[in-house]
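Colleague: Below you will find the structure I want to go over with you.
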Amino acid sequence: MSYLEIARIDHWFKCVFMLLGVVVAAFYEPARLSWSSALSLAFAVLAANLVASSNYVINEVLDAPFDRAHPEKRHRPVAAGHVDVRIAVVEWLALAAVGGWIGVHLGVAFSAALALLWGMGLLYNLPPIRLKEVPYADVLTESINNPIRLLLGWFALIPDRFPPLSLLLAYWMAGAYFMAIKRLAELRHLGDPAIAARYRRSFAHYDESRLLVSILFYATACGLLSGIFLVRARLELVLFVPLAASFLAYYLRLGLAPDSLAQRPEALYRDRGLVVLATVCLLAFVALLFVEIPWLYDVFDVSPDSVERLWRIERSPSASSPA
């Protein structure tokens, strides 16, 4: 059971971050999304989760000495001495091998993105580089898994074309925003700076003001980069902006709460408000991606793109006629 626990199957929900890549790929090339592609998508999710679990296993092994300084994480299987490290290393390599084998059968582009996901796990965890110990690099390295997962979802459908760079960068900054809030929640929870620094060396540099400033930076960068994608890809998404801003604000409020759930992403489902808001945001994003609102382009003086829509919303005659 301990060997299954260190693979963190409960973190497999993060495959939802691949969904954006699938949705945007279907927007650009809707013919690629069919019942015949469902099996490829299922194998893509499985491969991504196996490789992610490989990264989690090596994370548990290498973090064990530091986890023993954390009031809760000292109970993790490796830190508590419930796991034979030699068997855990075999598990790490086996998960990566099986995930990689599946990935090879899904194409060169998908396999390369999968290798990048595994490689970033090595840079994040393995000494002497071990970027998780470097301030700010720890946040940026872990959050880059967001755009990598977007690539995995995209390449599962469109293996011969690259998604918009502005979207990838915005997704990276969104992940950094959430990860910086996690760091802030952890710092506030640990309380004692000395204990925090023993748990993770990067905390020797962090304090609340520095983390809050970085959170502002990531949120601003995400907003500006998202705006580039929005205008270039689908102006209708401007109606999504208030929802996205509300979600970011709600998450920051959650991160500032005592013993915040932001420390434990796998437990975020317990906050019903966050779940409801995330669901509304997802549905609104998908709907606006595939709907056409012609008068919106007149208001913003932007030329519409050539991508076909599923639905078209016109102004009613009474709304456009003079009073």
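The values are calculated or read from the model by the stated rules, or taken from the named source; none is laboratory data. Worth saying up front: this structure is predicted, and the values here are computed from it rather than measured. Don't worry about glycine lacking a Cβ; one is built from the backbone with ideal geometry, like all the others, and counts go over all protein chains shown.
Colleague: May I ask you to list the residues in the stretch 254-272 that are over 19 Å from the mean Cα position of the chain (by Cα) and assigned to a helix (DSSP H, G or I)?
Modeller: Correct list: Arg272 only.
Colleague: Please pick out the residue among His105, His82 that is under 20 Å from Ile9 (Cα atoms), surrounded by fewer than 20 Cβ atoms within 10 Å (Cβ to Cβ) and of a type outside the set (D, E, K, R).
Modeller: From the options His105, His82, the qualifying one is His82.
Colleague: Let me ask something additional. Can you tell me which of (1) farther than 18 Å from Val61 by Cβ; (2) modelled with pLDDT of 95 or more; (3) touching a helix residue (DSSP H, G or I) at 6+ places or on another chain (Cβ under 6 Å) is the one Pro135 doesn't meet?
Modeller: So Pro135 meets the others, but not (2).
Colleague: If the Cβ limit is 6 Å and pairs must be 6+ apart or interchain, which residue in the stretch 278-289 that is over 10 Å from Leu243 (Cβ atoms) pairs with which residue that is of a type in the set (Lys, Arg)?
Modeller: Hits for this filter: Leu289/Arg234.
Colleague: Taking the condition under 25 Å from Ala257 (Cβ atoms) and assigned to a helix (DSSP H, G or I), does Phe155 pass?
Modeller: no
Colleague: Select from the stretch 36-64 the residues that are small (Gly, Ala, Ser) and without any contact (Cβ under 8 Å) to a residue 24 or more places away in the chain and write down the one among them that is surrounded by the most Cβ atoms within 10 Å (Cβ to Cβ). Reasoning before the result, please.
Modeller: Start the filter on the stretch 36-64 by keeping residues that are small (Gly, Ala, Ser), which leaves 36-38, 40, 42, 44, 47-48, 52-54, 64.
Then drop every residue that is not without any contact (Cβ under 8 Å) to a residue 24 or more places away in the chain, which leaves 36, 38, 42, 64.
Values: Ser36: 8, Ala38: 10, Ala42: 11, Ala64: 21.
Checking each candidate, the answer is Ala64.
Colleague: Please go through the stretch 181-236 and give me each residue that is more than 23 Å from the chain's Cα centre (by Cα), outside any helix (DSSP H, G or I) and on the phi < 0 side of the Ramachandran plot, ordered by number.
Modeller: Across the stretch 181-236, the qualifying residues are Asp192, His205, Asp207.
Colleague: Could you identify the single residue in Phe229, Phe217 that is assigned by TED's automatic domain parsing to the domain that holds Glu266, aromatic (Phe, Trp, Tyr) and modelled with pLDDT under 95?
Modeller: Answer to the selection: Phe229.
Colleague: Continuing with the same structure: Just checking, which of Val286, Val275 is assigned to a helix (DSSP H, G or I), surrounded by fewer than 18 Cβ atoms within 10 Å (Cβ to Cβ) and in contact with a Phe, Trp or Tyr (Cβ under 7 Å, 6 or more places away or on another chain)?
Modeller: Testing whether each residue is assigned to a helix (DSSP H, G or I), surrounded by fewer than 18 Cβ atoms within 10 Å (Cβ to Cβ) and in contact with a Phe, Trp or Tyr (Cβ under 7 Å, 6 or more places away or on another chain) leaves just Val275.
Colleague: Against the definition (touching a residue at least 12 places away in the same chain (Cβ under 8 Å), outside the structural domain of Glu72 (by TED's automatic domain parsing), more than 19 Å from the chain's Cα centre (by Cα) and crowded, with 18+ Cβ neighbours inside 10 Å), how does Leu169 come out, yes or no?
Modeller: no
Colleague: Quick one: would you say Leu93 is out of contact with any Ser or Thr (no Cβ under 8 Å at 6 or more places or on another chain) and farther than 25 Å from Arg198 by Cα?
Modeller: Considered against the rule, which asks whether it is out of contact with any Ser or Thr (no Cβ under 8 Å at 6 or more places or on another chain) and farther than 25 Å from Arg198 by Cα, Leu93 comes out as no.
Colleague: Here's another thing I want to ask about it. Based on what the data block shows, is Ala219 crowded, with 18+ Cβ neighbours inside 10 Å and under 23 Å from Leu283 (Cβ atoms)?
Modeller: yes
Colleague: Let me ask another. So, in the stretch 111-133, how many residues would count as being touching a Ser or Thr at 6+ places or on another chain (Cβ under 9 Å) and touching a residue at least 12 places away in the same chain (Cβ under 8 Å)?
Modeller: 7
Colleague: Something else now. Condition first: in contact (Cβ under 8 Å) with a residue 12 or more places away in the chain and among the aromatic types (Phe, Trp, Tyr). Can you find one or more residues in the stretch 101-108 that meet it? Talk me through it step by step, then tell me what you get.
Modeller: So the first thing to find is which residues in the stretch 101-108 are in contact (Cβ under 8 Å) with a residue 12 or more places away in the chain, and the list is 102-103, 105-108.
Keeping just the survivors that are among the aromatic types (Phe, Trp, Tyr) gives none.
So far as the stretch 101-108 goes, no, none of its residues is in contact (Cβ under 8 Å) with a residue 12 or more places away in the chain and among the aromatic types (Phe, Trp, Tyr).
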